[in-house]
Structure formats: structure tokens, C-alpha cells
1. Decide, for the stretch 87-146, between rounded, prolate and oblate: order the square roots of the alpha carbon gyration tensor eigenvalues as a ≥ b ≥ c, take rounded if a/c falls under 1.5, and otherwise choose prolate if a/b is larger than b/c, else oblate.
2. Based on the Cβ-Cβ distance of residue 84 and residue 190, what FRET efficiency does E = 1/(1 + (r/R0)^6) give at R0 = 22 Å, to the nearest 0.05?
3. Please list, in chain and number order, the residues 5+ apart from residue 156 or on another chain whose amide H is under 5 Å from its amide H, with Hs placed from the backbone.
4. Give me the percent of the accessible area of the stretch 121-182 that comes from carbon and sulfur atoms, probe 1.4 Å, all protein chains in place.
5. So what is the accessible area of the stretch 40-195 per residue, in Å², with the probe set to 1.4 Å?
6. What's the long-distance tail for the stretch 135-192, i.e. % of Cα pairs beyond 18 Å?
7. Mind checking the full-extension length gain between residue 98 and residue 44? Use 0.36 nm per residue of separation minus the Cα-Cα distance, one decimal, nm.
8. As an exercise, identify the trypsin sites (Lys or Arg not before Pro) in the stretch 59-92 lying in DSSP coil whose Cβ has no more than 13 other Cβ atoms within 10 Å.
Amino acid sequence: MKLKMVFRILPVVLLAALLVTSAYGADLPIGASSMDIPIGTSGDMVMVGTVEPTIMSVTMPTYVPFHIARAVQGDNKVISPRITVTNNSSVPVSLDVSYTRVDLSKLPGTTWNDGQYVGNNQIAIGFQPETIANQMPTSLAGTKWLQANTYQNVHVMSLTAYGESTMYVVGTLGSAVPENDTFSVIPTFVVRQVR
């Protein structure tokens with residue numbers, strides 16, 4: 001008797017399951033429309049997908065020695081190698097500095113400055129894009145100055161997909177900064193996709 005009743009109810013449950021279907025999906029984006037498709041007719045649905053890059057990669061040196069001296073002619077007192085940055089990604093990227101660790105402990109009495117106008121016991125360092133091929137900047141105009149031991153958002157450069165750009169370390173120092181010793185400047189770079 002129970003088996004007979006199950007076989008009578010089962011077709012009703014299956015029919016109800018076929019008639020009542022549900023699906024889960026994300027909400028439609030703003031501006032998207034929907035339409036009703038009556039039974040027995042057809043309709044089209046436009047689907048647009050976005051392929052996101054899986055890897056954003058930039059190649060740049062991890063060690064850059066530079067020299068700073070009051071004897072260097074021009075406003076820029078730094079002698080720096082060319083720093084070439086290559087975007088290995090299929091999308092444009094920006095290169096920003098999020099933090100700069102500075103150690104001036106070997107230069108007694110010396111402090112950091114975030115710009116080109118330094119006091120007698122101050123040093124300021126930043127990055128400047130190459131404007132003339134293979135020539136170090138002598139001016140400090142357009143320098144992206146680094147801030148010492150604090151979080152920052154200093155935009156250094158933008159690179160096109162598979163593009164390349166060049167920059168230099170630039171800077172200045174005051175007249176009382178001790179000579180013949182070293183200091184370290186360690187910027188943390190962040191690569192972001194340009195949207």
C-alpha cells in the first residue's frame with residue numbers, strides 16, 4: 001500500500017520539479033536589462049567576459065649604488081646609474097613607492113628632507129625619469145621625492161604593456177652633512193594595473 005502511494009506521488013513531485021526551476025547568479029550590472037521569454041518562443045542573451053591578467057611582473061634592479069657629493073655640478077648632487085624598468089605584463093602598470101626605509105645612522109647629526117630645499121644637515125633623495133637619452137639629470141625639476149620611514153604613495157612611473165622606461169636616483173645635501181660615509185635608502189615598490 002505504501003509503495004503504491006509513493007509511485008502515485010513520485011510523478012507529481014517530478015512534474016513539479018520540472019516546472020519550478022531556480023538558478024543562482026550574480027546580480028545584473030547597472031544598466032543591464034532583462035526580458036521575459038514566453039513559452040514556445042526564443043530570445044538571445046549577450047554574455048561579455050573579461051580576462052584578467054594572472055601575473056603582473058616588472059623587472060628592475062634590486063641594488064642601485066649611487067654617490068652624492070657637493071662637488072657635483074648642477075642642482076642634482078647624485079651620480080646614479082640608469083635604472084631601466086621593464087613591464088613584462090600584457091597590461092599597463094604603474095610603479096609606486098609605498099614606504100621608504102632610510103638609515104642615516106653613519107652620518108651623525110644628519111636628518112632627512114622630503115624635497116629639494118635642504119638645511120645644512122639634511123639629505124633628500126628621489127627618482128627622476130630620463131628626459132634626455134643616456135644623460136643624468138642636472139636639475140631637480142620633476143623629481144619624485146621619497147619620504148623617510150613613513151608610508152607614502154609616491155607615483156614613480158607608468159608603463160605600457162610590455163613597455164620600458166628609465167629613471168635615475170637624484171638628490172641634494174646640505175653643506176654640513178659629513179662626507180666619506182654611507183647611508184641607505186630602501187624604497188618598497190608596488191606594481192598596480194592601470195585602469
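The values are calculated or read from the model by the stated rules, or taken from the named source; none is laboratory data. For clarity, every value in this text was computed on a predicted model and none was experimentally measured. Quick reminder, even Gly has a Cβ in these numbers, built from the backbone with ideal geometry, and neighbours come from all protein chains shown. For accessibility, only protein heavy atoms count, side chains too; no ligands or nucleic acids. Shrake-Rupley method; radii C 1.70, N 1.55, O 1.52, S 1.80 Å.
1. oblate
2. Details: r = 19 Å, r/R0 = 0.85.
Calculated value: 0.75.
3. Here 95, 96, 97 satisfy the definition.
4. 46
5. 59
6. 52
7. Residue separation times 0.36 nm, minus the Cα-Cα distance, leaves 14.7 nm.
8. 70
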